[in-house]
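Asks: The structure under discussion is supplied below as structure tokens; questions concerning it will follow.
The values are calculated or read from the model by the stated rules, or taken from the named source; none is laboratory data. Keep in mind the model is a prediction, meaning the values are calculated, not measured. Counting neighbours? That spans all protein chains shown, and the Cβs are built from the backbone with ideal geometry, glycine included.
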Amino acid sequence: MNLRNTTLFTAAVLAAAHFPAQAGEADPAVARGRYLVQVSGCNDCHTDGYMPRSGNVPEAEWLQGSSLGFAGPWGVTYASNLRLIVQDMSAKAWRAHARAERRPPMPWFNLARMSDGDLDAIYRYLKHAGPAGAPAPTAIAPGQPIPTAHIVFVPQPPSGPVQVSAAAKE
């Protein structure tokens, strides 16, 4: 091997070592997991700023949880950092975790209906993304002070007559 070939070979080995995420790009389960994360709305809560930015958040920032709380009669809950949670789990443990009943606004009942294959694909995507960020704040019991920004999930009575659009009537 000449010097040029040795240099190219070394550069390729170093690039592969420093960019392992690219290795999973060819894995259909990772691609399916990415797709499911996007269309199932996981990022809506589990990625800080995803909704206000219309999904324009770099993928490297996805699923790191949020310190924005969701307050209601149950207290305050936070969207967890899924990239940290999954790191020490097996696929079987992830499926059980994903299907476990949760407090609002987590739609756990939708995950409970997902196939093992779909949950495994999300697991593969999370493992592929790797650990990043910090854990989300701990849930807060009802009536306790809320030290973070939060959305109040309490239905409000109407403040006037209900207006129905023409499109809604069709």
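Asks: Any residue at all in the range 114-133 that's of a type in the set (D, E) and farther than 23 Å from R32 by Cβ? Walk me through how you get there before you give the answer.
Replies: Here is the first cut: in the range 114-133, the residues of a type in the set (D, E) are 116, 118, 120.
Imposing the further condition that a residue be farther than 23 Å from R32 by Cβ reduces the set to none.
No, the range 114-133 contains no residue that is of a type in the set (D, E) and farther than 23 Å from R32 by Cβ.
Asks: So S54 ticks every box in (1) under 30 Å from P28 (Cα atoms); (2) outside any loop (DSSP other than H, G, I, E, B); (3) not hydrophobic (A, V, I, L, M, F, W, C) but one. Which box is left unticked?
Replies: Single failed check for S54: (2).
Asks: Enumerate the pairs (first residue in the range 96-110 and closer than 23 Å to H150 by Cα; second residue anywhere and of a type in the set (V, I, T) and buried (at least 17 other Cβ atoms within 10 Å of the Cβ)) with beta-carbon separation below 9 Å, excluding pairs fewer than 6 apart on the same chain, so at least 6 apart or on different chains.
Replies: R102/T77; R103/T77; P104/T77; P105/T77; M106/T77
Asks: While we're here: Does at least one position in the range 66-77 carry a residue that is over 15 Å from the mean Cα position of the chain (by Cα) and free of Cβ contacts under 8 Å to residues at least 24 places away in the same chain?
Replies: No, the range 66-77 contains no residue that is over 15 Å from the mean Cα position of the chain (by Cα) and free of Cβ contacts under 8 Å to residues at least 24 places away in the same chain.
Asks: Something else about it: Only one of (1) modelled with pLDDT under 60; (2) in a helix (DSSP H, G or I) is not met by G33, so which one is it?
Replies: Of everything listed in (1) modelled with pLDDT under 60; (2) in a helix (DSSP H, G or I), G33 misses just condition (1).
Asks: Please go through the range 76-95 and pick out each residue that is of a type in the set (K, R) and within 25 Å of H150 (Cα to Cα).
Replies: Here is the first cut: in the range 76-95, the residues of a type in the set (K, R) are 83, 92, 95.
If the condition is that a residue be of a type in the set (K, R) and within 25 Å of H150 (Cα to Cα), then R83 is the only one that fits.
Asks: Inspect the range 81-90 for any residue being farther than 23 Å from P52 by Cβ, among the aliphatic types (A, V, I, L, M), surrounded by 13 or more Cβ atoms within 10 Å (Cβ to Cβ) and touching a Cys at 6+ places or on another chain (Cβ under 8 Å) and give the result as yes or no.
Replies: no
Asks: Out of the range 115-148, which residues are more than 20 Å from E61 (Cα to Cα), in contact (Cβ under 8 Å) with a residue 60 or more places away in the chain and hydrophobic (A, V, I, L, M, F, W, C)?
Replies: The answer is A139, I140, A141, I146.
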